[in-house]
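See structure below.
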Amino acid sequence: MLLYSTLVEFCTNETCPVMSAGPKYEYRWADGVKFKKPIEVSAPAYTALLMEWIEELLDNERVFPVTPNEPFPPDFVDTVKKIFRRLFRVYAHIYHSHFNQICDLGEEAHLNSLFKHFIFFSNHFNLIVPQEIAPLQELVDRILKGKGK
């Protein structure tokens, strides 16, 4: 997430010791390999682990086949849903914890545009369950009701 990289001076282990989206939503990290049980990590650590995990998945030809006519694995949709669920958490953290900094940097239009496309795509392919959207429910509802306006 290129936009997130503009927040590295604001989103630090000290300012964001827990990956969260407001006081009611905290996210723990587990990847099933290096971190088998969910652990509490800072927001920057969560985001870094997420990006590494996604990169490993994208580079894995068993998960994302590159050969023509090679079938996708049976758990492909579940894997993509997990990717989108976790990416949503980064958006939720940005909106809840760093929106003022985003505005100060003049990046709110970029964030809103990226998030709108993310939500439309996620909604169209049913990639995120409604419970996961709760931290940004009002914003998501406005986006989906406006349908791109």
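Some points to look at:
- Where the Cα pairs of the range 81-149 fall when distances are cut into 5 Å bins, in %: 3, 17, 29, 27, 16, 6, 1
- Prolate/oblate/rounded label for the range 1-86 (Cα gyration tensor, a/c 1.5): prolate
- For the range 33-50, 3J(HN,Hα) per residue [Karplus equation, 6.51 cos²θ - 1.76 cosθ + 1.60, θ = phi - 60°, Hz, x = Gly/Pro]: 10, 6, 10, 6, 9, x, 10, 7, 9, 5, 4, x, 5, 4, 5, 5, 4, 4
- What the phi angles of the range 55-72 give under the Karplus curve with 6.51, -1.76 and 1.60, with θ = phi - 60°, is a coupling list of 4, 4, 5, 4, 7, 7, 5, 6, 8, 10, x, 10, 7, x, 6, 7, x, 6 Hz, glycine and proline written as x.
- Recomputing log10 I(q)/I(0) by the Debye sum over Cα atoms at q = 0.14, 0.17, 0.21 Å⁻¹ from the coordinates shown identifies the correct label among [x] -0.74, -1.06, -1.46; [y] -0.63, -0.96, -1.52; [z] -0.73, -1.00, -1.27 as [x].
- Rel. contact order, % - alpha carbon contacts under 8 angstrom, at least six apart, the chain: 24
- In nm, spacing of pseudo-spin labels at His110 and Asp31 (7 Å Cα→C-beta vector): 2.6
- In the range 1-67, the portion of solvent-accessible area held by carbon and sulfur atoms comes to 58 percent [1.4 Å probe, whole percent, DNA, RNA and ligands not counted].
- The range 7-67, accessible area per residue, ligands and nucleic acids excluded (1.4 Å, Å²): 62
- The range 29-88-the range 115-140 distance, computed between alpha-carbon centres (Å): 18
- Taking a point 7 Å out from the Cα of Phe10 in the direction of its Cβ, the residues of the range 71-114 whose backbone N falls within less than 13 Å of it are 93-112.
- Long-range amide H partners of Val18 with built H, under 5 Å: Ala43
- Ellipticity estimate at 222 nm from DSSP helix runs (n ≥ 4, -39,500 (n - 2.57)) divided over the chain, nearest 500: -17500 deg cm²/dmol
- The range 122-131 - phi-based ³J(HN,Hα) in whole Hz, Karplus 6.51/-1.76/1.60, Gly and Pro as x: 4, 5, 4, 9, 6, 8, 10, 6, x, 4
- Residue separation of Asp78 and Lys24 scaled by 0.36 nm, minus their Cα-Cα distance, works out to 16.9 nm of gained length.
- Segment Phe121-Gln101, length gained on full extension (0.36 nm per residue, minus Cα span): 4.6 nm
The values are calculated or read from the model by the stated rules, or taken from the named source; none is laboratory data. Worth saying up front: this structure is predicted, and the values here are computed from it rather than measured. Neighbour counts are summed over all protein chains in view; Cβ atoms, including those assigned to glycine, are modelled from backbone coordinates with ideal geometry. For accessibility, only protein heavy atoms count, side chains too; no ligands or nucleic acids. Shrake-Rupley method; radii C 1.70, N 1.55, O 1.52, S 1.80 Å.
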